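Below you'll find the structure, written out as structure tokens, and then a few comments.
The values are calculated or read from the model by the stated rules, or taken from the named source; none is laboratory data. Everything quoted here is computed from the prediction, not taken from an experiment. Here the Cβ is made from the backbone with ideal geometry for all residues, glycine too, and neighbour counts use every protein chain on show. Heavy atoms of the whole protein, side chains included, go into the accessibility calculation; ligands, DNA and RNA do not. Shrake-Rupley method; radii C 1.70, N 1.55, O 1.52, S 1.80 Å.
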Amino acid sequence: MTAVSVQELEFRYGERVALNNVSFQIPSGEIFGVLGPNGGGKSTLFRVLSTLLPIQGGNAEVMGLDVKQRADAVRRAIGVTFQSPSLDLKLTVIENLKVQGHLYGLFGRTLRERCGVVMEQLGIVDRAGDLAERLSGGLKRRVEIAKCLLHSPQVLLMDEPSTGLDPGARYDLWQILFKLRKESNVTILITTHLMEEADLCDRLCILDEGNLIAEGPPDELRNLVGGDSLLIEGQNLPELSKDLEAELTLEVQQVGGSLRIEHQDGHQLLSQIATRYAGRFTRLTLGKPSLEDVFIKLTGRTLDAGETE
Amino acid sequence: MSSADPPIIAGPNTDLAAPKSALWTSIYTLAVREVTRFLRQRSRLVGAIGQPLVFWILFGAGLAGSFAMPGADAENGLSFQEYFLPGIAVLIVLFTSIFSSISVIQDRNEGFMQGVLVAPVPRSSIVLGKVLGGTALALFQAMLFLLLAPLLQFVHLAPQMEFNYPVLVILKALFFLFWISLGLTALGYLFAWKIDSVQGYHGVMSIVLLPMWLLSGAFFPGSGSTWMTWVMRANPLTYGVAGLRKTLVADPQRLPEFPPEWLCYVVTIGFALVCLFVDVWMTRRDPVVAS
């Protein structure tokens, strides 16, 4: 079954195009990543799907419900976590959960039971009475997730959930997501600008300047970059680039402060460059292509460059 | 987390029909949240009731000799503090409503509001929860002040005045304070929804809300100047203050005739309803409600 379906979605802020003809489908039970630089359209997509922004063009459906026509039914089917936690810092953990439950029509015993279940799941039972403002970033994020699970949503929408988390907390977050997917067949859409995170998704799409430029499982996307990826850093790179192109007939991409070369047989090329151009670079690295390489190949820019937010 | 944890219960939820009680449950929970937050921030209580109380004592003592109620002889006239009492009650209401409207801005900036906006609740409950929560706080504090302030005459911080209110007077005062609070909180929400910073709201406060209070007959009758008389008559808050004053002062001979009591009811209730209506309308049609 398709959990989320987006067809030819368009969104503009005045003149600026935030989403341009974006289409994709997410089967239920999948962790789907939306990868892209800040300002690439991720947050707009997230806001449209979570009913916060109106649909300007195209279509979006969540669990077969039209987001435009049936916003309220969609709201009941989704659980949403925001980049900036939506906790009331002056309330305790349990009070936050109760307010949330009331908003979703839960009360009395049902609500108490649900609070117990989600708090146990996220390991925050002993924090029930703590004011939210006293919690660490990682714990706040857990409470946030507990909150959005209260009403047993079928689809989770998470906007950059690892913002402000240290590596340990980020690891915990992903363990929770894997567990959710495995045990409850929840579909999770997650936006991120971190490659490590994108790598953990079942499938992902890359959004750049409002366009969906690639879609597929991380490995498949990596195959878009043939073979190995070589990175050269150093002084006077334009000249080196010219020599490489002329003498070794290579295709060289200059990205930020380094040169990038895709090659079927990286090892050989590495030793060849190292001996032939010794002294003209400060660093020479060989690696399997990363999602970053995929992004660079598709856009000619690094993911961090040109951040607008 | 180990794999021995019980399963997270999420997933298929076939009951997608709207719960009937969604409106009231959400209004209730958002209003209770307002009150809980208030009780956790002691400084707000001090700010909202302390400053007006100090004003009442200092202005009362300072202006005691120079104040004369128009149209009343000195013998029978109200003392300034007696005149000022309902005005201060309304000032407490105003301060409380300002605090709760500022929290609209904080809710938006801190992210709480977006969580509410993606919940399946009618947009009107966002307005009503906020406004009713603020109203409850304002009502409680203003009533507390009205019941306790006259007791200051026993420690010579206020002149002699009535303080033994019959139940009917208390109920009527509660009624007026409720509608004044509702109106002012709804008015504050209206500004706060459109303004994205607390600093910006301070501007509105000093050029709209405080002058509105000053020109409501809360502080002075203002009957010496024609233009001011008309400005005051155009100010909806004037009728709330006058209605409250008429309720608290037992002898109608001691107060000016205008505005008549029925007009006080009509304008005060009408103003509150209009503001609420505009709030709901504005919140519903806001296209980019959370950005």
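So here's what we get for this one:
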read-out	value
Residue check for residue B:247: surrounded by 16 or more Cβ atoms within 10 Å (Cβ to Cβ), in contact with a Lys or Arg (Cβ under 6 Å, 6 or more places away or on another chain) and under 30 Å from residue B:106 (Cα atoms)	no
Single residue of region A:44-92 satisfying the filter (of a type in the set (A, V, I, L, M, F, W, C) and part of a strand (DSSP E or B)) that is nearest to the chain's Cα centre (by Cα)	A:80
Residue check, residue A:241 surrounded by 12 or more Cβ atoms within 10 Å (Cβ to Cβ), over 32 Å from the mean Cα position of the chain (by Cα) and not in a loop (DSSP other than H, G, I, E, B)	yes
Subset of region A:49-89 that is in contact with a strand residue (DSSP E or B) (Cβ under 8 Å, 6 or more places away or on another chain), among the polar types (S, T, N, Q) and open to solvent by 30 Å² or more (accessible area, probe 1.4 Å) - its residue that is farthest from the other protein chains (Cβ to nearest Cβ)	A:59
Residue among A:246, A:214 that alone is hydrophobic (A, V, I, L, M, F, W, C) and either in contact with a His (Cβ under 8 Å, 6 or more places away or on another chain) or free of Cβ contacts under 8 Å to residues at least 40 places away in the same chain (or both)	A:246
Options B:266, B:241; residue that is open to solvent by 50 Å² or more (accessible area, probe 1.4 Å), among the β-branched types (Val, Ile, Thr) and either at pLDDT below 90 or under 29 Å from residue B:80 (Cβ atoms) (or both)	B:266
Odd one out for residue A:43, checked against (1) farther than 12 Å from residue A:191 by Cβ; (2) touching a strand residue (DSSP E or B) at 6+ places or on another chain (Cβ under 7 Å)	(1)
Members of region B:101-133 that are more than 8 Å from every other protein chain (Cβ to nearest Cβ), assigned to a helix (DSSP H, G or I) and under 18 Å from residue B:24 (Cβ atoms)	B:123, B:124, B:125, B:126, B:127, B:128, B:129, B:130, B:131, B:132, B:133
Filtered residue count, region B:145-174, keeping only those that are under 14 Å from the mean Cα position of the chain (by Cα) and either under 27 Å from residue B:63 (Cα atoms) or open to solvent by 80 Å² or more (accessible area, probe 1.4 Å) (or both)	2
Helices (runs of 4 or more DSSP H) (entirely within region A:114-228) containing at least 1 residues that are at pLDDT below 90 and within 14 Å of another protein chain (Cβ to nearest Cβ)	A:137-149, A:167-184
Members of region A:12-43 that are in a strand (DSSP E or B), open to solvent by 10 Å² or more (accessible area, probe 1.4 Å) and within 13 Å of another protein chain (Cβ to nearest Cβ)	A:12, A:13
Any hit, region A:271-279, residues being at pLDDT 85 or above, within 30 Å of residue A:205 (Cα to Cα), surrounded by 12 or more Cβ atoms within 10 Å (Cβ to Cβ) and β-branched (Val, Ile, Thr)	no
Test: residue in region A:94-108 that is within 8 Å of another protein chain (Cβ to nearest Cβ) and among the small types (Gly, Ala, Ser)	yes
